[in-house]
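Take a look at the structure set out below.
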Amino acid sequence: MADGNAPGSPASSLQSHRYAIKSSVHNTAASRRREQAIAIGKERREALMRAKRVCRAPLSGNDEATIEDGDMVIDEKADIETRTAQAVEELKSALSSQGKGAQKKKIEALRAVRRVLSQSVVPPIQVAIKAGAVPLLVQYLSFGSSDEQLLEAAWCLTNIAAGEPEETKSVLPALPLLVAHLGEKSSTLVAEQCAWAIGNVAGEGADLRSTLIAQGALWPLARLMLSSKGSTARTAAWALSNLIKGPDPKAAYELINIDGVLNAIIRNLEKADEELATEVAWVVVYLSALSEKAISLIVRSHVPQLLIGRLLASENLQLLIPVLRGLGNLVAGDEYMVNSILIVGNSITDQALSSLIKCLKSDNRVLRKEASWALSNIAAGSFEHKKLIFTSEATPSLIHLLTSAQFDIRKEAAYTLGNLCVVPAGSTEPPNIITEHLVSIINGGALPGFINLVRSADIESARLGLQFLELVMRGYPNGQGPQLVERGDGIEAMERFQFHENEAMRNMANGLVDKYFGEDYGLE
């Protein structure tokens, strides 16, 4: 048994961070980051905002496309469908008009379509599509058109792209021109509106993201994120996060290689308002989830310190979730992050721990889960990092979560607590136990939570529970571990695997019962 006060060496590889409690280490950290990056889309819609957004008000600084005083929100379905069909007919008629007044007629026709798509409670997107709006709007996007015309046409397409999947796909013919109008020759307002439309398309799915990337949307969006105009940088960052979010990591890899992107991320995290910082933080989330090169560049920049500062200072949930997720990805993705940045004794490390504890205590489920995951990776590192977490408020909070939180949070908390109790041994040896930590965590009330994990239908969680019971039975002082497990009905929990279809789990559970509760158990 390891001396409870002896420092242990850090995990031997990046992948062992997440799974240090396991006696055999698997290359799962990178794949888990990718899976979570894709899954976060659902949480993002539930907790923050839709992946696609309707543009209901003019872009900041747009004086010409203001909403007239007579406009109102339209609720009557029959009325709005009639108005939509009429507006598209006028759009078609205006397109062929010539001579004096033709431009004004085109703008008025575009505005009529834009109004019904922008101001109704449920925009009549399908009606507009069936009336033939999209091919007409594509023509209105033609090169040489006035900025006002381009802006109105892009606005209409933005809101059509915010609809249901098939409605979004209807915008496909417009994509080449929307991408082209992101260019440096376009006005800022036109480029920003086109970026919004592209962000809506990218938010629909991987196939459309691939189409946009193939058409060259990545580079001009990255250029727009460098803009000094806050709303433009914000819209571009949001569109980029939709564009690179996977599952194919190619876009994330290409984005981090664009000159100036990392500097733009740093600048906006450091100085921008929370709204812009939120969108940039989502870019960091997907970069750090999908690109090993991005992780390497980001952790060696000022970004980790900026994320930690934002996490500690803000109470804005929309900002905290992506900042925490990005920080968790960096901790899981690069040993340099833990060993060279989160150095025990440094103020940045104390700030990181304080911010993670703050999130553990939050009422928000996502924050509690993400903070537990980040801590599990830090806890899988050096003995000094384990000791830092163990002696902080994090440990009682984690024990509380293990015994009372939702299942996914309980599993993350269990990983952290398990990692606090062990230091890696040889590749074929069980981990060495930090006795002081194990005893304190058991005395703090964690054992019932781990036994409940053994009863879980989730195999990964049940395995984690069994691994912790093995630590207790092997490492608790004076041979009291088996008695503690027995009193907590741990034998019954393990015996459910006696005839289990999973051979590894069956052998593991049966082996523990035989070893610690065999024919000699209780005779001494």
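The values are calculated or read from the model by the stated rules, or taken from the named source; none is laboratory data. In this text the structure is predicted, and so the values were computed from the model without any measurement. Neighbour counts run over all protein chains shown; Cβ positions are idealised from the backbone, glycine included. We work out accessible area using only protein heavy atoms, side chains counted, and drop any ligands, DNA or RNA first. Shrake-Rupley method; radii C 1.70, N 1.55, O 1.52, S 1.80 Å.
More than 24 Å from residue 58 (Cβ to Cβ) and in contact (Cβ under 8 Å) with a residue 12 or more places away in the chain: which single residue out of 85, 133, 94 fits that description?
Within the list 85, 133, 94, the selection yields 85.
Quick one: in region 295-333, of everything that is within 18 Å of residue 241 (Cβ to Cβ) and touching an Asp or Glu at 6+ places or on another chain (Cβ under 6 Å), which residue is surrounded by the fewest Cβ atoms within 10 Å (Cβ to Cβ)?
In this case the residue turns out to be 316.
Would you be able to tell me the number of residues in region 448-503 that are assigned to a helix (DSSP H, G or I) and open to solvent by 40 Å² or more (accessible area, probe 1.4 Å)?
15
With the condition kept exactly as written, say whether any residue in region 124-142 is of a type in the set (A, V, I, L, M) and assigned to a loop (DSSP other than H, G, I, E, B).
Yes.
How many residues does region 135-161 hold that are open to solvent by less than 10 Å² (accessible area, probe 1.4 Å) and of a type in the set (Val, Ile, Thr)?
Residues meeting the conditions: 2.
What are the pairs, 6+ residues apart or on separate chains, where a residue within region 100-119 that is open to solvent by 20 Å² or more (accessible area, probe 1.4 Å) has its Cβ under 9 Å from a residue that is in a helix (DSSP H, G or I) and at pLDDT below 90?
Matching pairs, first to second residue: 106/95.
Of the residues 426, 518, which is more than 30 Å from residue 384 (Cβ to Cβ), out of contact with any helix residue (DSSP H, G or I) (no Cβ under 9 Å at 6 or more places or on another chain), of a type outside the set (A, V, I, L, M) and at pLDDT below 95?
Unique residue meeting the criteria: 518.
Sort through 289, 239 and tell me the only one that's crowded, with 22+ Cβ neighbours inside 10 Å, out of contact with any Ser or Thr (no Cβ under 7 Å at 6 or more places or on another chain) and closer than 18 Å to residue 182 by Cα. Walk me through it before giving the result.
Numbers: 289 fails: closer than 18 Å to residue 182 by Cα.
Within the list 289, 239, the selection yields 239.
Could you please find all residues in region 182-196 being open to solvent by 10 Å² or more (accessible area, probe 1.4 Å) and in contact with a Leu (Cβ under 9 Å, 6 or more places away or on another chain)?
186, 187, 188, 189, 196
For residue 410, state whether it is of a type in the set (Lys, Arg) and surrounded by fewer than 19 Cβ atoms within 10 Å (Cβ to Cβ).
Answer is no for this residue.
Could you say whether any residue in region 291-312 is assigned to a loop (DSSP other than H, G, I, E, B), out of contact with any Phe, Trp or Tyr (no Cβ under 9 Å at 6 or more places or on another chain) and under 24 Å from residue 368 (Cβ atoms)?
no
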